[in-house]
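Values in this text are rule-based calculations from the coordinates and carry no lab data. These figures come from a predicted structure and were not determined experimentally. Cβ atoms come from the backbone with ideal geometry, glycine included; neighbour counts cover every protein chain shown.
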Amino acid sequence: MPVVLAAGLMTGPAWADATAPHEVLERVVMLTRHGVRSPTKGLAELRRLSDQDWPAWPVDRGILTPHGADAIRQLGLYLGAQYRQRGLLGPDRCPAGGPPGSPAGDPVFVWGDSGDQRTRASAQALADGLAPGCGLKARGLAPDSPDVLFDAASGGACPMDAAEATKAVIAANGGDIATVPASVAPALAALVQVVAPKACAPGAASDSPAGACFATGPAKVVDKGGEVKVDGPLARGAMLAESVFLEYVQGMPADQVGWGRAGTPQALAAILPVHDHQADLTRRTPYIASHNGALLARQIVAGVTGEAVGAPLAPPLAPVPAGARLISILGHDTNLSNVAGLLGLDWTLPGQPDKTAPDTTLAFEVSRDTATGKRYVRVTLYYQTLEDLRQAAALTPAHPAGKVDLPLPACGGDRCTVEDFATLVRKAVPAACWR
């Protein structure tokens, strides 16, 4: 069973190091969700599922906002400063090394999913924060081209059996995909009152001017081009809850967030379980996570061990430079959930109701015991609180990012040896997908 944590924010010294005094931090591989974006659904589609028109956004749908770029840059500034303080990087803010692309170059290496503007732009904003004023360039494939690293299942690198995936999702929902679990029902009811209290009122006509009630109708599991999705009330609710959440972290006035009905942290915390449940079903369920996260997991192992493997794992792409000490992979909340499900990780975040909120970062930190020479992996999650995302607040030793240390259940403690970590990941990935 996954380990669920409810840890507090970072305490102790400002740059408190989880490693023991006789351990030296040698390498870090980070997996980060993109920054705050606009909803991926258009305003007309959102309107059909709600009682009122939705507020306009400053960018087209699914695009990183300027506010979102500012917020993820702040996280980059914080993490870059932390890893310099902890000795992973040199004291100068600009990474030292050989020419870009050379075996000794690029001690900080950033790779973003090429498929979406929000991931490409977030990767560059994070790079700007990690090495401010240094011209560090995020890497990736050609813009708008698919990168199978972030979508191994539908990308054909680790295809799923649709029947097995469907069975796994239904089982994870208690055996009936149409059932709203008791743990989620209050959140769905709260979401109805935010988004569609008129359309979902008892006796409301389906063709009411208020719109259609998103919380009714059949539910089913569908295979969309190799990617398993759930259609139905919970799926629509998850999308709507996240869309309201994004209004808040974008910094919209409280009276615009959910039409003034969700403009507080408490109101958001009440509706977000709908989104988290849907994400767990379709992303963290082990069968799905092990397939869709297969290449990412393989890439993380390569980064942790220092193995010379391409990024992402296949020619003709340039390999991660041998001198890279901080490897940053910039993707989606789906990718965070896939890797978490594959490793048996779960968490709650104090001050942040979305478990995979924008900018949330899984960091695989490798340290060497100077007494024994053994190398260990610890997993740490960095995030911004709801208010820090809303304000794109500066993160400093006095006002740090949120930090949760995640034990690795398969290792029975807070760390794995590098060898044990590689072994447990390999066991979790389908044999045919280990490339």
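General remarks:
- Charges were assigned to the Cβ only: +1 to each Lys and Arg, -1 to each Asp and Glu. The resulting dipole of the chain about its Cα centre is roughly 400 debye.
- Remark: the chain projects, on average over all directions, an area of 20.1 nm² (convex hull of Cα atoms).
- The orientation-averaged shadow of the Cα convex hull for region 274-427, equal to a quarter of the hull surface, comes to 10.7 nm².
- Packing-based ranking, highest mean first, of 126-135, 281-290, 168-177 given that Cβ atoms within 10 Å are counted: 281-290, 126-135, 168-177
- Across region 352-357, coupling constants 3J(HN,Hα) worked out from phi with the 6.51/-1.76/1.60 Karplus curve, θ = phi - 60°, read 8, x, 9, 5, 10, 4 Hz, and Gly and Pro carry x.
- Between 0 and 90 degrees, the angle of helix 418-428 with respect to the longest Cα principal axis of the chain falls at about 30 degrees.
- Listed values for region 54-60 are Karplus-derived 3J(HN,Hα) couplings in whole Hz (6.51 cos²θ - 1.76 cosθ + 1.60, θ = phi - 60°), namely 8, x, 6, 10, x, 9, 5, and x replaces Gly and Pro.
- The angle between the Cα long axis of helix 265-279 and the main principal axis of the chain comes to about 80°, on a 0 to 90 degree scale.
- Shown here are the Rg and Dmax of the Cα trace of region 162-284, at 15.1, 45 Å.
- Computed from Cα positions, the angle between helix 233-249 and the longest principal axis of the chain comes to roughly 60 degrees.
- Inter-site label distance for LYS137 and ALA44 at 7 Å from Cα along Cβ, in nm: 4.0
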